[in-house]
Each structure stands twice: as structure tokens, then as C-alpha cells.
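Novice: Take a look at this one; I'll ask things after.
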Amino acid sequence: MFFPLHDGVPLRFMRTPYITYGLIGACIAGQALLWTWPGEEAALAIMAGFGLIPSVLFGTAQLPDGLAHLPPWLTLFSNVLLHANLAHLIGNMLFLWVFGDNVEDAMGHARFLVFFFLCGLGGSIFHAGMYPDSEQPLIGASGAISGVIASYLMLYPQVRIWGVAFNWIPIHIPAMYALGGWILLQAASALFETQGNVGWWAHLGGLATGAALTPLFIHRSVALFGRRHATW
């Protein structure tokens, strides 16, 4: 529905958003692992061993013997760094590239890193709770990035975003409309698209986590909802 391209918001507290760049690099590295591993079956095995499988997390199913895997609780985090295909990766990284730097700037490097993975955790838990018997791996940074989107929307609702809607229509509209529409799409898809391969509930879990954590993680001098910034 919508892909962001640029927002033009300058950084206030840092020169370089190292964590945003590092997370993008880590996700690209995770995808490279899937590309370079010989054979489709090997890639699927990596997704099963490092993605989040709700039934395995809750102990109602087990992975096959001999499959390399992380402890189930750790897949709540590791799934964030894997993506199903190139389009999945590019879409998520575009959102992180455009919005992650300003959220990192508002929080600081260390807090943003913790925030990102807590949003991913919130999305993973929400998805697993909605589909506790699922044996399909959940992978992708969408839950974590949904938290970043929620935070950005709370910080800069009036900022005009350049982007593309419906894959070809150029737009330049306030974040509250672009991202608000994106959020409504996630909610509608979660309610009505119950048989697809997209973890819509993970997106909503990440959004809720990001909205709840943002006031706790931003600098004291950063105001919410476009109000004037306070002073140090």
C-alpha cells in the first residue's frame, strides 16, 4: 500500500544513527545467509531453526532431530533478523531507513537498540498468542519496525513524508495520514486475512509495544505529538 522514501527530518542529538545502520546490516547479513546456504531445503531449515514457531515455543511440538536450532525462547528475537525473500527484506529496510534514524536520535543509541528488540519481542509474543498451535515459522523485522513506526508517528505526526502509494502513485503527505493509513491496513488485514502468510498480529503487537515504550525511552527534552521541544 505505501512505501516511504524520505522524510527530511534532521537529527538533533547525534551525527550518525549507528544502530539503525547496524540493524539494516544485520538483516542483510541474515538474508545473505539464506541466499548462500546450498539448496532450498537448507534455507527452510534455517528458517525453522531460527524463526519463531509458536507450537515449539509453547512445547506442543518439537523440531526434527538433527536440525540446527536455537532455544525456543531465543527465537523470539532471532526471527527478527531473517526475511522470506528480497521483497520482504527491501520493504522492511525502507521503513527502518526512513524512520529509524529519527527514533534513534530521540532515544539514543543504546535505548533504541533495546527498544527495537523489545518491539520485536512484543510482536513475536502477540503472534504466538494468536496462533499457539502454528507450526509455521515467523520471520522478519516487521514487528520491530512496526514499533519504530508507532514511535515515529508519536514524535512527528505533522512531518510530510515522500513515498509511493499503491506501488506507483507518488505522495507527499503528513506522517499522520501516511502511517495512520498503514496502521489501519495492518488492523484490517489481521481481522479479515486469516489464512495468509503475513504475520499481521506481529505487526499489531509491535505497534502496541512501540506506542507503550516510546514515552519511557525518549530523551526528556523530546516532546510527543509534534509539540514544541522542551529544553535540557
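The values are calculated or read from the model by the stated rules, or taken from the named source; none is laboratory data. Because the structure is a prediction, the values reported are computed rather than measured. No Cβ is skipped: glycine too gets one built from the backbone with ideal geometry, and neighbour counts run over all protein chains shown. The accessibility values were calculated without ligands, DNA or RNA, using every heavy atom of the protein model including side chains. Shrake-Rupley method; radii C 1.70, N 1.55, O 1.52, S 1.80 Å.
Novice: Quick check, is Ser55 polar (S, T, N, Q), farther than 30 Å from Gly8 by Cα and free of Cβ contacts under 8 Å to residues at least 60 places away in the same chain? So that I can check it myself, show each step before the final result.
Specialist: On the way: polar (S, T, N, Q): yes; farther than 30 Å from Gly8 by Cα: yes; free of Cβ contacts under 8 Å to residues at least 60 places away in the same chain: no.
No; evaluated as a whole, the condition is false for this residue.
Novice: Select, from Trp97, Trp37, the only residue that is open to solvent by 30 Å² or more (accessible area, probe 1.4 Å), of a type in the set (Phe, Trp, Tyr) and modelled with pLDDT of 95 or more.
Specialist: Details: Trp37 fails: modelled with pLDDT of 95 or more.
Only one candidate qualifies: Trp97.
Novice: Now a separate question. Is region 126-149 home to any residue that is hydroxyl-bearing (Ser, Thr, Tyr) and crowded, with 24+ Cβ neighbours inside 10 Å?
Specialist: Initially, region 126-149 is screened for residues hydroxyl-bearing (Ser, Thr, Tyr), giving 131, 134, 142, 146.
Pick out the ones that are also crowded, with 24+ Cβ neighbours inside 10 Å and you get 142, 146.
Yes; the residues of region 126-149 include at least one that is hydroxyl-bearing (Ser, Thr, Tyr) and crowded, with 24+ Cβ neighbours inside 10 Å.
Novice: Then there's this: Just wondering, is there one or more residues in region 105-114 that are modelled with pLDDT of 95 or more and assigned to a loop (DSSP other than H, G, I, E, B)? Steps first, answer last, please.
Specialist: We begin by selecting, within region 105-114, every residue modelled with pLDDT of 95 or more; these are 105-114.
Those left that are additionally assigned to a loop (DSSP other than H, G, I, E, B): 108.
Yes: region 105-114 contains one or more residues that are modelled with pLDDT of 95 or more and assigned to a loop (DSSP other than H, G, I, E, B).
Novice: Let me ask you something else. Is region 26-34 home to any residue that is open to solvent by less than 60 Å² (accessible area, probe 1.4 Å) and either more than 30 Å from Gly163 (Cβ to Cβ) or among the aromatic types (Phe, Trp, Tyr) (or both)?
Specialist: no
Novice: Restricting to region 170-188, name every residue that is open to solvent by less than 50 Å² (accessible area, probe 1.4 Å) and β-branched (Val, Ile, Thr). Show your work before the answer.
Specialist: First, pick out the residues of region 170-188 that are open to solvent by less than 50 Å² (accessible area, probe 1.4 Å): 171, 174-175, 178-183, 186-188.
Within region 170-188, Ile171, Ile183 meet the criteria.
Novice: In addition: For region 14-25, enumerate the residues that are surrounded by 13 or more Cβ atoms within 10 Å (Cβ to Cβ) and either among the β-branched types (Val, Ile, Thr) or in contact (Cβ under 8 Å) with a residue 60 or more places away in the chain (or both). Give the steps one after another, and end with the answer.
Specialist: So in region 14-25, the residues surrounded by 13 or more Cβ atoms within 10 Å (Cβ to Cβ) come out as 14, 17-21, 23-24.
Those that are surrounded by 13 or more Cβ atoms within 10 Å (Cβ to Cβ) and either among the β-branched types (Val, Ile, Thr) or in contact (Cβ under 8 Å) with a residue 60 or more places away in the chain (or both): Met14, Pro17, Tyr18, Ile19, Thr20, Leu23, Ile24.
Novice: Here is a follow-up. Out of the residues in region 150-169 that are touching a strand residue (DSSP E or B) at 6+ places or on another chain (Cβ under 6 Å) and either among the hydroxyl-bearing types (Ser, Thr, Tyr) or over 22 Å from Asp105 (Cβ atoms) (or both), state the one that is most open to solvent (accessible area, probe 1.4 Å). First the steps, then the outcome.
Specialist: At the first step, the residues of region 150-169 found to be touching a strand residue (DSSP E or B) at 6+ places or on another chain (Cβ under 6 Å) are 158, 160-165.
Now drop any that are not either among the hydroxyl-bearing types (Ser, Thr, Tyr) or over 22 Å from Asp105 (Cβ atoms) (or both), which leaves 164-165.
Values: Val164: 35, Ala165: 13 Å².
The extreme case among them is Val164.
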